[in-house]
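Remarks on the structure that follows.
The values are calculated or read from the model by the stated rules, or taken from the named source; none is laboratory data. Owing to the predicted nature of the structure, the values given are computational and were not obtained by experimental measurement. Cβ placement follows ideal geometry from the backbone for every residue including glycine, while neighbour counts extend to all protein chains displayed. Ligands, DNA and RNA are excluded from the accessible area calculation, which covers all protein heavy atoms including side chains. Shrake-Rupley method; radii C 1.70, N 1.55, O 1.52, S 1.80 Å.
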Amino acid sequence: MTEIKGKWALVTGASRGIGRLAAECLAKYGCNLVLHSRTVSNTETLTNELSAKYGIDAYCVAAELSKPEEVNKLIDEIEAKGTQIDIILNNAGVQVAYRTDYYTTPVEDYTSSFQINTIAPMMICYHFIPKMIERGFGRVVNTTSGITLEPEQAGYSASKAALDKVTIDIGSKLEGSDVIISLADPGWCRTDLGGPNAPNSPESAIPGVVVGVFVDDKKSGRLFRAGDFTGMSVEDAAAKAMADIDSPYAK
């Protein structure tokens, strides 16, 4: 299993829900944190709590991910601090609407969904992955969705499918190295995005949404479904992930 003590992780959408739980999970293993939310005030308290509780270094960054210029500003702020990002959890996402009359789905459902769910995480990946390659280590986990056959959520599901595609394609170039990129599907959870009627608690997504950080077998492009790891320790989850789930590339 990968040792992450002393490494730095960028977690987007860390102010609540699954992002918050994932950030604390990494902190328990001694990982330093850069916590993103729309405003610094959303993560200040969490940053202070995790620093005090686990003895890690942490700070906040803010960006509205629907605006590319703010994503670039976030990246520039991290670089200005001299932080070496070893781990990325692209957790932030948006589900803009549920259209029962899906034949009237507006263009804006697609443009806003793709900007936040696909373009922003890939901007972050494109900046930091080459630096990981230079150092010979990195972990990237992009949060996806298991939604299928629901044109009612076309913008959301299409943007996540696009994220799946580019993640798997990049993974083919990283396969065999210690820079590993993965997908995580948290399942339908009772978060602000998932809504109150979802069948699963946010806690059920841990450790599944972070297991891609801890795998240590140089395989990329895999999809880890959080429900397959609910109730497991991180150590057992990492062992199961490496034993049971292969990369998608032809041998």
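Under the rule a/c < 1.5 gives rounded, and otherwise a/b versus b/c splits prolate from oblate, where does the chain land using the Cα gyration tensor? Let's see the in-between values first.
Working: a/c = 1.34, a/b = 1.18, b/c = 1.13.
It is rounded, given that a/c, with a ≥ b ≥ c, falls under 1.5.
Give the carbon-plus-sulfur fraction of the accessible surface of the chain in %, rounded to a whole number; probe 1.4 Å, heavy atoms of protein chains only. Carbon-and-sulfur percentage of accessible area, whole number: 51. Of the residues Tyr98, Gln84, Ala120, the one whose Cα sits farthest toward the positive end of the charge dipole of the chain, with +1 on the Cβ of Lys and Arg and -1 on the Cβ of Asp and Glu, is Gln84. Annotation for the stretch 74-137: trypsin sites (Lys or Arg not before Pro) lying in DSSP loop with at most 12 further Cβ atoms inside 10 Å of their Cβ are Lys81.
Of the GluC sites (Glu not before Pro) found in the stretch 55-120, none is in coil by DSSP with at most 10 other Cβ atoms within 10 Å of its Cβ.
Let me make sure I get this right: for the stretch 103-251, a, b and c are the square roots of the gyration tensor eigenvalues over alpha carbons, sorted descending. Under 1.5 in a/c it's rounded, otherwise prolate if a/b > b/c, else oblate. Which is it? Could the numbers behind the result be given before it?
Values: a/c = 2.06, a/b = 1.26, b/c = 1.64.
Because a/c hits 1.5 or more and a/b fails to exceed b/c, the stretch 103-251 counts as oblate.
Close amide-amide hydrogen proximity is noted between Gly138 and Val179, Ile180, each under 5 Å apart and 5 or more residues distant or on a separate chain (H modeled in the peptide plane; Pro and chain starts excluded).
Seen from Glu70, the other residues with C-beta closer than 11 Å to its C-beta sum to a net charge of -1, counting Lys and Arg as +1 and Asp and Glu as -1. Over all other residues within a Cβ to Cβ distance under 11 Å of Tyr59, the charged ones net out to -2, with Lys and Arg as +1 and Asp and Glu as -1.
Check every DSSP H run in the chain and write down those whose alpha carbon atoms cover 24 angstrom or more along the long axis and whose mean Kyte-Doolittle hydropathy is -1.0 or greater. Write down the numbers at each step before the final one.
Values: long enough: 154-174 (30 Å, 0.20).
Sorted by number, the helices that extend far enough and score high enough are 154-174.
In the stretch 1-138, the C-alpha radius of gyration followed by the widest Cα-Cα span (Dmax) gives 15.9, 52 angstrom.
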